[in-house]
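Q: Encoded as structure tokens, here's the structure I'll be asking about.
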Amino acid sequence: SPPLAQPFNSPRDVEMMPDGRLVITDTNNDRIVVCDATGSVCSTFGGTGGQIGQFSEPTGVAVDSLGRIIIADRLNHRIQVCNETGTSCSAFGSFGSAVGQFSGPADIDIDSENNIVIADRFNDRIQICTSQGACTAFGSIGTANGQFIEPWGVTVDAQDRIFVVDSGNDRIQIFSDQ
């Protein structure tokens with residue numbers, strides 16, 4: 001069992017920090033867990049709520065080149081950017097369908113310029129945002145290439161190609177960084 005006072009409850013994503021520590025979204029505990037590479041020493045931050053530094057079912061996590069932890073705060077419909085201890089966080093986004101708003105952001109990754117690539121699940125699109133929340137978006141609901149039905153996962157490779165898990169269409173789509 002993990003060396004935590006409260007065990008994991010539906011962890012959804014894990015990312016490795018440059019120093020080898022692991023960052024885990026402990027979704028149903030509404031927290032982020034940071035562990036050494038062996039999992040023997042862990043710390044947590046977050047908790048249930050809508051304030052900055054609190055979460056409501058965090059799902060996706062990424063670490064940018066500056067060591068910041070980026071979290072898809074799914075049911076708060078926002079993205080949070082935190083330092084590695086969670087003592088300093090900022091957030092952008094709110095519920096809605098305008099660019100820069102989200103509906104259940106499910107997963108995130110970082111491109112080579114530290115932009116945040118977001119699977120905006122229930123808006124059936126991908127958003128690319130700066131850490132300050134300036135966003136662009138592509139995609140819409142549908143079955144054609146470049147359209148999505150509830151995209152759940154996203155990753156970015158070294159060439160900034162975006163790979164999207166298009167769950168509702170049972171496929172993976174690949175895009176050059178928009």
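The values are calculated or read from the model by the stated rules, or taken from the named source; none is laboratory data. Small disclaimer: the values here were computed from a predicted structure and weren't measured. Please note: Cβ atoms are built from the backbone with ideal geometry, for glycine as well, and neighbour counts cover all protein chains shown. When the accessible area is computed, the model is the full protein with side chains, heavy atoms only, and any ligands, DNA or RNA have been set aside. Shrake-Rupley method; radii C 1.70, N 1.55, O 1.52, S 1.80 Å.
Q: Express the relative contact order of the chain as a whole percentage, based on alpha carbon pairs under 8 Å and six or more residues apart in sequence.
A: Value for the chain: 11 percent.
Q: Moving on to the next point. With an 8 Å cut-off on Cα pairs and a minimum separation of 6 or more residues, tell me the relative contact order of the range 1-100 in percent.
A: After rounding, I find 18 percent.
Q: If one puts a single equal scatterer on every Cα of the chain and applies the Debye formula without solvent, what log₁₀ I(q)/I(0) results at q = 0.11, 0.14 Å⁻¹?
A: Taken in order of the listed q values, log10 I(q)/I(0) reads -0.42, -0.68.
Q: For the range 31-75, give the percent of accessible area contributed by carbon and sulfur heavy atoms, probe 1.4 Å, rounded to a whole number.
A: Ligands and nucleic acids excluded, carbon and sulfur reach 51 percent.
Q: Want the number for residue 51 to residue 9: 0.36 nm per residue separation, take away the alpha-carbon distance, what's left?
A: Fully extending the segment from residue 51 to residue 9 adds 13.0 nm.
Q: Just how many % of Cα pairs in the range 106-168 lie over 16 Å apart, if you round to the nearest whole percent?
A: 38
Q: Which value in nm describes the separation of the simple spin-label points at residue 87 and residue 16, placed 7 Å from the Cα toward the beta carbon?
A: Each label point lies 7 Å from its Cα, and together they span 2.8 nm.
Q: Now a separate question. Taking the solvent-accessible surface of protein heavy atoms with a 1.4 Å probe, what is the per residue accessible area of the chain in Å²?
A: 45
Q: Right, something else. For the chain, what is the percent of antiparallel DSSP beta bridges, rounded to the nearest 5?
A: Roughly 95 percent of the beta bridges in the chain run antiparallel, per DSSP.
Q: Could you give the length gained on full extension between residue 28 and residue 143, defined as 0.36 nm per residue of separation minus the Cα-Cα distance, in nm?
A: Roughly 38.3 nm would be gained on extension.
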